[in-house]
């Protein structure tokens with residue numbers, strides 16, 4: 001039994017007596033549906049099953065493209081320019097993609113149908129200048145005029161201005177300080193690197209080196225056309241009152257600027273060495289860092305500044321890993337993925353196929369289970385800072401990310417594995433037991449679960465002047481907590497104290513209108529689609545007031561065409577909550593919640609099923625240009641290209657076959 005730092009145990013013990021023995025995956029008896037709609041759903045599901053099976057890799061995994069925005073492509077070019085490894089073929093291919101994403105008004109958005117975004121537009125413009133596009137070309141002139149009208153480079157986020165400072169287009173003195181001594185702060189300190197979410201931590205550590213070194217690689221051109229006032233490119237910002245957090249941290253930044261001039265060389269040198277060691281120790285086997293692109297580019301820059309030659313094995317592997325983030329289109333354009341999602345895609349595809357009726361010992365499911373079992377992480381990572389006594393056992397999101405297993409992925413992988421009749425059930429049982437115990441042990445003190453860490457809730461990191469883009473902490477969220485509760489319930493632990501605390505957390509987090517906020521998917525439709533199935537799996541009756549409020553809210557936001565959609569602007573603007581063009585993934589999320597809420601025979605469900613069937617393509621797939629995934633709410637949005645396939649199939653399958661009851665599958669069951 002392993003103790004956790006919150007004083008409780010991570011070990012869930014044995015499965016409940018009612019769950020022992022060998023069973024098959026069964027479904028609850030389906031209430032009679034209108035035969036026409038059921039047949040429609042069954043035919044659509046069968047086409048979708050065939051399409052999804054055709055997309056499985058020979059090794060057993062699925063992976064859809066992960067589309068974000070052109071800053072990934074621009075920063076890839078800027079990195080290669082800074083390191084002196086420019087490749088003309090890559091520049092041409094990236095520029096083709098960037099030009100193709102430009103809007104009529106000259107801007108670039110960060111999600112489909114969204115407004116122009118200043119920092120993305122600046123970075124795209126600079127990348128095209130590097131590719132040879134002249135500033136007087138119409139598409140460039142439109143972009144520059146729009147940028148100037150929004151305040152120019154001075155109004156861009158800090159990370160954009162850091163990229164510009166690397167080439168002398170912005171002064172390092174006009175950027176917030178990020179001292180490398182942060183790496184030396186004790187783990188318990190409020191602003192230690194472990195106060196940040198893992199994605200921010202992996203970026204900030206190399207940035208402390210870059211900030212301390214302040215390198216400049218002279219640029220081949222100026223960017224005066226992007227300043228609102230070239231004579232005063234960086235107007236001074238007014239100080240906020242000292243009694244506010246903003247004002248307090250502004251003054252801390254000023255103190256750090258003064259410290260920079262007198263910092264003991266031995267201390268700074270010690271910090272730089274510690275940062276280099278921290279970065280190198282966290283490089284993955286494939287050369288990347290954390291399986292995501294942004295930490296990789298900053299880590300490569302930092303190590304180069306610290307004297308690592310481009311032919312050093314760490315540098316060479318890091319540069320080679322970036323090429324694996326590239327997606328090439330038929331026209332020769334090259335798009336860079338921010339990360340890759342094979343574990344997430346594979347467990348969701350497995351669940352979808354099983355819930356659609358594919359037999360549990362189907363070779364595709366067994367192959368997927370084999371691959372997932374091979375991806376289990378059984379070594380400690382940064383999560384041990386807050387849970388040092390917890391035994392490892394979990395899954396990450398990406399191909400290679402052993403330092404940061406993902407609580408959300410682990411819960412869904414367990415749910416997927418339990419749907420497969422594997423020829424070696426003891427392997428599945430051992431992996432599931434480790435994963436369930438690790439996941440339970442990562443519960444935060446308030447009863448919820450976050451994505452990567454426990455109790456990563458300090459309010460201080462968000463106040464730092466350089467943290468002006470996206471989330472930098474990892475507090476519990478409704479969607480992750482729901483997936484863990486659902487997993488625990490299907491493991492026979494619905495009445496375990498950890499599961500009950502999770503249920504209580506979810507009930508307390510319900511919005512007044514009946515929905516739940518979606519941290520990692522857009523947005524209230526995703527949150528509600530995650531929570532309702534979890535609550536009913538945990539034993540809440542469909543008559544419970546929280547379930548009834550959620551179902552009523554979903555019905556109230558159903559679109560006239562029968563589908564559901566929610567625009568990313570809902571993260572900022574209340575009038576967009578539950579509102580947006582119908583999408584396949586969001587319609588499926590709403591249906592999953594309504595089906596779990598006992599609304600199978602409702603008019604809303606019938607119309608949703610009909611919408612999915614009507615919008616399905618002849619090959620069994622769905623089209624979805626809209627972004628329904630979330631990296632950082634509003635700031636960084638994701639179009640998971642497999643969402644449009646796996647979630648509709650799951651919803652259709654559950655409509656046809658009923659809600660799944662996930663049992664333990666053994667050989668010959």
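If you take just the helices (runs of 4 or more DSSP H) that sit entirely in the stretch 117-208, which of them hold at least 3 residues that are under 28 Å from residue 276 (Cβ atoms)?
Numbers: elements: 118-130, 138-149, 158-165.
Qualifying helices (runs of 4 or more DSSP H): 158-165.
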Residues satisfying the stated conditions in the stretch 429-447, i.e. closer than 13 Å to residue 383 by Cα and out of contact with any strand residue (DSSP E or B) (no Cβ under 9 Å at 6 or more places or on another chain): 443
Residues within the stretch 581-608 that are surrounded by 24 or more Cβ atoms within 10 Å (Cβ to Cβ) and in a loop (DSSP other than H, G, I, E, B), tallied: 2
Filter result (crowded, with 21+ Cβ neighbours inside 10 Å and farther than 25 Å from residue 437 by Cα) within the stretch 359-392: none
Failed condition for residue 146, given (1) farther than 28 Å from residue 339 by Cβ; (2) at pLDDT below 95: (2)
Tally of residues being in contact with a helix residue (DSSP H, G or I) (Cβ under 9 Å, 6 or more places away or on another chain) and under 30 Å from residue 136 (Cβ atoms) across the stretch 176-218: 2
When residues of the stretch 162-182 are limited to those that are modelled with pLDDT of 95 or more and under 26 Å from the mean Cα position of the chain (by Cα), the one surrounded by the most Cβ atoms within 10 Å (Cβ to Cβ): 163
Residue match in the stretch 622-635 (condition: touching a residue at least 40 places away in the same chain (Cβ under 8 Å), in a helix (DSSP H, G or I) and either within 28 Å of the chain's Cα centre (by Cα) or surrounded by fewer than 24 Cβ atoms within 10 Å (Cβ to Cβ) (or both)): no
Residue that is touching a residue at least 40 places away in the same chain (Cβ under 8 Å), over 25 Å from residue 633 (Cβ atoms), in the same structural domain as residue 621 (by TED's automatic domain parsing) and touching a helix residue (DSSP H, G or I) at 6+ places or on another chain (Cβ under 7 Å), where the choices are 567, 561: 561
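Looking at the stretch 459-479, is at least one residue closer than 19 Å to residue 377 by Cα, assigned by TED's automatic domain parsing to the domain that holds residue 537 and either touching a helix residue (DSSP H, G or I) at 6+ places or on another chain (Cβ under 8 Å) or modelled with pLDDT of 95 or more (or both)?
Applying the first criterion (closer than 19 Å to residue 377 by Cα) to the stretch 459-479 yields none.
No, because not a single residue in the stretch 459-479 is closer than 19 Å to residue 377 by Cα, assigned by TED's automatic domain parsing to the domain that holds residue 537 and either touching a helix residue (DSSP H, G or I) at 6+ places or on another chain (Cβ under 8 Å) or modelled with pLDDT of 95 or more (or both).
Collect the residues in the stretch 571-580 that are surrounded by fewer than 22 Cβ atoms within 10 Å (Cβ to Cβ) and in contact (Cβ under 8 Å) with a residue 60 or more places away in the chain, keeping them in residue-number order.
If we filter the stretch 571-580 for residues that are surrounded by fewer than 22 Cβ atoms within 10 Å (Cβ to Cβ), which is where we start, we get 571-577, 579.
Listed by number, the residues that qualify are 571, 572, 577.
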Of residues in the stretch 141-161 being out of contact with any helix residue (DSSP H, G or I) (no Cβ under 9 Å at 6 or more places or on another chain) and surrounded by 15 or more Cβ atoms within 10 Å (Cβ to Cβ), the one nearest to residue 474 (Cα to Cα): 158
Residue count, the stretch 79-105 (criterion: part of a helix (DSSP H, G or I) and over 24 Å from the mean Cα position of the chain (by Cα)): 14
Pairs where the first residue, in the stretch 414-433, is in the same structural domain as residue 352 (by TED's automatic domain parsing) and farther than 12 Å from residue 393 by Cβ and the second is modelled with pLDDT of 95 or more and not in a helix (DSSP H, G or I), C-beta under 7 Å, 6+ apart: 419/360; 420/360; 421/360; 421/361; 428/422
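Can you work out which of the residues in the stretch 225-234 that are closer than 17 Å to residue 156 by Cα and surrounded by fewer than 13 Cβ atoms within 10 Å (Cβ to Cβ) is modelled with the highest pLDDT?
Of the stretch 225-234, the ones closer than 17 Å to residue 156 by Cα are 225-230, 232-234.
Filter again for surrounded by fewer than 13 Cβ atoms within 10 Å (Cβ to Cβ), leaving 229, 232.
Values: 229: 84, 232: 78.
Here the residue is 229.
Can you confirm whether the stretch 525-544 contains a residue that is in the same structural domain as residue 639 (by TED's automatic domain parsing) and under 17 Å from residue 113 (Cβ atoms)? Please lay out each step first, then the result.
Filtering the stretch 525-544 down to residues in the same structural domain as residue 639 (by TED's automatic domain parsing) leaves 525-544.
The next check asks that each one be under 17 Å from residue 113 (Cβ atoms); those that pass are 525.
Within the stretch 525-544, one or more residues are in the same structural domain as residue 639 (by TED's automatic domain parsing) and under 17 Å from residue 113 (Cβ atoms).
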Residue identified as in contact with a strand residue (DSSP E or B) (Cβ under 8 Å, 6 or more places away or on another chain), farther than 30 Å from residue 238 by Cβ, surrounded by 15 or more Cβ atoms within 10 Å (Cβ to Cβ) and in the same structural domain as residue 223 (by TED's automatic domain parsing) among 120, 127, 131, 94: 94
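The values are calculated or read from the model by the stated rules, or taken from the named source; none is laboratory data. Source: prediction; values computed, not measured. Note: ideal-geometry Cβ built from the backbone for every residue, glycine included; neighbour counts use all protein chains shown.
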